[in-house]
Amino acid sequence: MSYTKYGFDPAQVERIKLKMKNPQTKERVKMILQGVTKYDLQDRVKVRRFVGMLTKALGEKVTEQQMEHLVQFVVSQKIDPNNTFHLIKLWSMFR
């Protein structure tokens, strides 16, 4: 399943991938997501809050429509952060 099906701009994805190579930015993102569970990632309100914090930490501006696309993507993927298979699947989607 490709992220473009969810309306993500490939240029924005590349910008974020580049920003994530910065060690300080990567640590900020890890701190924000520390302790997140699969149940948190199925709650639309919590996901929206996480997306807001992450976009602020990355210095990315997102529209309301992009925010909704991101929330829908996370919820529909049914991500379990403690399941290595889920993380590998996400990694391969954004390589």
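The values are calculated or read from the model by the stated rules, or taken from the named source; none is laboratory data. Model, not experiment: these values are computed from the prediction. For neighbour counting, all protein chains shown are included, and Cβ atoms are generated from backbone atoms with ideal geometry for every residue, glycine included. SASA here: full protein model, heavy atoms, side chains in, ligands and nucleic acids out. Shrake-Rupley method; radii C 1.70, N 1.55, O 1.52, S 1.80 Å.
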Problem - Met53, Met93, Met31, reordered so the largest accessible area comes first (probe 1.4 Å) - result: Met31, Met53, Met93
Exercise for the section: Count the net charge of all other residues whose Cβ sits under 13 Å from the Cβ of Met93, scoring Lys and Arg as +1 and Asp and Glu as -1. Expected result: +4
Practice task
Let me have the 222 nm mean residue ellipticity of the chain computed from DSSP H runs of 4+ only, each contributing -39500 (n - 2.57), with the sum over all residues rounded to the nearest 500.
Solution key: -20000 deg cm²/dmol
Practice task
Please work out the FRET efficiency for the pair Lys17 and Val75, using the Cβ-Cβ distance as r and a Förster radius of 25 Å; give the result to the nearest 0.05.
Solution key: 0.70
Completion exercise
Taking a straight Cα-to-Cα line shorter than 24 Å from Lys30, and setting aside same-chain lysines fewer than 8 residues away, one finds Lys17, Lys19, Lys21, Lys38, Lys46, Lys56, Lys61, Lys78, Lys89
